[in-house]
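What follows is a set of notes on a single structure, which appears directly below.
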Amino acid sequence: MTQVGAPIVSRTGSVGLSYVECGAVFAGAVLAAALSFVLLTFGMAIGLSATSPWPGSGLSAKVIASIAVFWAMAQQIGSVMVGGYVAGRMRSRWHETGHEAEFRDGLHGALVWGIAVLISALLVFATARAGMDVASKAVGSLTASSDAMDTVYRQLGCHGHCP
């Protein structure tokens, strides 16, 4: 029998070693998050090209919303599947029986899903925070200009009669 690639590593008798290989899990999670971002951006581009500002043209809002929900779920599931597959393939094999190897591959895939969700949530919250900062600065500047206009109206002696 010919062996292709690195030989199977035997870790029998090793005490204190983890069955989880963090490098493989993080590599799969980063791949899943990146692929999810690319596919979500692609879906947004297609969705925006299907809309129209003119009445009676383009797809209806109900159809676009349905497709957007489907695409958001499908791209997330597909991205995590690819990341989990990569993590399962990257981990080193021990002397395992058939079901044990499949279980550990699946466990690495589940950990990829968890970490990819955390990475995506952090990116979403960071984006929302930046958007709220911009919005609060805009509201602050509008409030300041409104206060300045009130001062000008009072100095002119307008009491609700000025434009």
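Here are a few things to note about the model shown:
- Per-region count, region 36-56, residues outside any helix (DSSP H, G or I) and open to solvent by 50 Å² or more (accessible area, probe 1.4 Å): 5
- Answer from Ala101, Ala65, Ala33, Ala24 - the residue that is buried (at least 16 other Cβ atoms within 10 Å of the Cβ), in a helix (DSSP H, G or I) and over 18 Å from the mean Cα position of the chain (by Cα): Ala24
- Residue pairs meeting the criteria (Cβ under 6 Å; at least 6 apart or on separate chains; first over 19 Å from Ala61 (Cα atoms), in region 38-50; second assigned to a helix (DSSP H, G or I)): Leu39/Gln75
The values are calculated or read from the model by the stated rules, or taken from the named source; none is laboratory data. Only a predicted model underlies this, so the values are computations on that prediction, with no experimental measurement involved. In this analysis, Cβ positions are derived from the backbone assuming ideal geometry, glycine residues included, and neighbour counts consider all displayed protein chains. Heavy atoms of the whole protein, side chains included, go into the accessibility calculation; ligands, DNA and RNA do not. Shrake-Rupley method; radii C 1.70, N 1.55, O 1.52, S 1.80 Å.
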